[in-house]
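What follows is calculated from the coordinates using simple rules that are stated; it is not laboratory data. Since the model is a prediction, treat every value here as computed from it, not as a measurement. We place every Cβ from the backbone using ideal geometry, glycine too, and count neighbours over all the protein chains shown.
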Amino acid sequence: MQFLIFFSIVLTVYGLVNFYIFNRGLKTFEPDTSLRTVYIVAFWFIATAYIVGRVLEKVYLSALSDAFTWIGSFWLAAMVYLLMAVIAIDLLRLVNHYVPFLSKIIPEAILTRPYFITIGISTAVFLLIFIGHLNALLPRTNRVNISMSKSIDSRDNLRIAMVSDIHLGTI
């Protein structure tokens, strides 16, 4: 029962975060356009890919389940960055509503065309995830010598291992 409650809460939060990002992105596209339809289908395909991939893994492990899991894993990273970006933009817009300052900083051509901002954020998120993935694929090892003024009985040296930024998931 506790697992069901936990799982329900996680899925609800996941759905609400995705809906918030989806809703903000949807405002980029004009109503009744094919690009808007592509956005809707692509967004929900990618947003549900992780869950679909994990469910498929339980039924039958295959290249299809792996593909869904990989797509969904990258989406989880993108979702975090997109959520931060959308919240930051909404906060800027809220402050700008009471203290207008954006039109003095950002050209009107960008402010009146939301797709510029969407393309900019999407590009930044893609680059962050790409560089992060490369960083995970190419680990670096640093050897650090530390001298201590205190001696350890019957030992000339002491080896300490430290590991950080481990990616234990799919990506």
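The region of the chain that goes longest without hitting one of the trypsin sites (Lys or Arg not before Pro) in a DSSP loop, each with at most 12 other Cβ atoms within 10 Å, is 28-139.
Against the set (1) 16.8; (2) 17.2; (3) 20.1, the structure's computed Kirkwood radius over Cα pairs in Å falls on (3).
Arranged by the count of other C-beta atoms within 10 angstrom, fewest first, what order do Val17, Val163, Val10 take?
Working: Val17 16, Val163 7, Val10 10.
Taking fewest neighbouring Cβ atoms as first place, the list is Val163, Val10, Val17.
Take every pair of alpha-carbon atoms less than 8 Å apart whose residues are at least six positions apart; their mean separation over the length of segment 17-87 yields a relative contact order of 34 percent.
Tell me which chymotrypsin sites (Phe, Trp or Tyr not before Pro) from segment 17-111 have a DSSP coil assignment and no more than 13 other beta carbons within 10 Å of their own.
On the way: sites: Phe19, Tyr20, Phe22, Phe29, Tyr39, Phe43, Trp44, Phe45, Tyr50, Tyr60, Phe68, Trp70, Phe74, Trp75, Tyr81, Tyr98, Phe101; in loops: Phe29, Tyr60, Phe101.
Answer in residue order: Tyr60, Phe101.
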